[in-house]
1. Is one or more of the residues making up the stretch 128-143 buried (at least 18 other Cβ atoms within 10 Å of the Cβ), modelled with pLDDT of 60 or more and part of a loop (DSSP other than H, G, I, E, B)?
2. Can you find, within the stretch 58-105, the residue that is surrounded by the fewest Cβ atoms within 10 Å (Cβ to Cβ) among those that are farther than 19 Å from Pro15 by Cα and of a type in the set (Ser, Thr, Tyr)?
3. With the requirement that a residue be over 22 Å from Ala18 (Cβ atoms), modelled with pLDDT of 70 or more and loosely packed, with under 15 Cβ neighbours inside 10 Å, what does the stretch 202-226 give you?
4. With (1) touching a helix residue (DSSP H, G or I) at 6+ places or on another chain (Cβ under 8 Å); (2) at pLDDT below 90; (3) of a type in the set (S, T, N, Q) as the list, and Gln103 as the residue in question, which single condition is left unmet?
5. Among the residues of the stretch 152-180, write down those that are modelled with pLDDT of 75 or more and outside any loop (DSSP other than H, G, I, E, B).
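The values are calculated or read from the model by the stated rules, or taken from the named source; none is laboratory data. Given the structure is predicted, the values throughout are model-derived calculations rather than measurements. A quick note on method: Cβ atoms are made from the backbone with ideal geometry, for glycine too, and the neighbour counts reach across all protein chains shown.
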Amino acid sequence: MSSHSMPTSARECSPQQAKVWLQGLLGIAWADGEYSPEEQRLIEDLIRSDWPEVEGKDLSPLSPEELAAQLQPELREDFLRTAVMTAIADGVYSKAEDRLLQQFAAALGLELPQLHLLKTTLVDKGSAAPSPGGAPAESGYTDLLAPLRSWLDGIQVRNPQVARFLCRLIPARCPFERDVVLFGRKVMHIPPLCKLNPLYDQVVALRFRALSFLAERGEDISQYIG
């Protein structure tokens, strides 16, 4: 796996823009209906820990139209990159997630042919197996996902709140089936599909980027390493 460090010139987004960003990601995280109300509240609590002022207020996911109305143009492509990573972090890319990602791209005014390549990684929940397009490349096989990988590798981590969310959402390691537990409660179940995920390296690289971003700011990242 190659590493791609964040350009030092990347401008951080404001706390308010970060909150909008994360509320957009909530919709992706819950798009496939895998989260119980308790699990949804736990992730909301993770966001509220960085924004105490939202305590007691509705923190529901933003619709694509609401996000487009509030997110600054220069942040939109990186938001969509993190949305893709959120969708595939559990090793399963579902039709519901694909549908919402396409809606986000349209609302944000982004014409990205790379997103269409994601459809080759769709998983049928009944078979729990990726489509043939998402299979590991064999000798002589043209890597059709290369443009998508290259686009995802261009992501910039711009805000500590977003970085913390990604470090919590993406497991530190996922070679086998496991539960992700935060503060003594299960957040999500990871099926034994991570190594079959053709974008696995990109997901791991994003987590490393987020950790590096926090470490460079002098934050203690030991809680995210285990």
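1. Looking through the stretch 128-143, none of the residues is buried (at least 18 other Cβ atoms within 10 Å of the Cβ), modelled with pLDDT of 60 or more and part of a loop (DSSP other than H, G, I, E, B).
2. Residue satisfying both the conditions and the ranking: Ser63.
3. Ser222, Ile225
4. Only one criterion is unmet by Gln103, namely (2).
5. Once the filter is applied, which keeps residues that are modelled with pLDDT of 75 or more and outside any loop (DSSP other than H, G, I, E, B), the stretch 152-180 yields Leu152, Asp153, Pro160, Gln161, Val162, Ala163, Arg164, Phe165, Leu166, Cys167, Arg168, Leu169.
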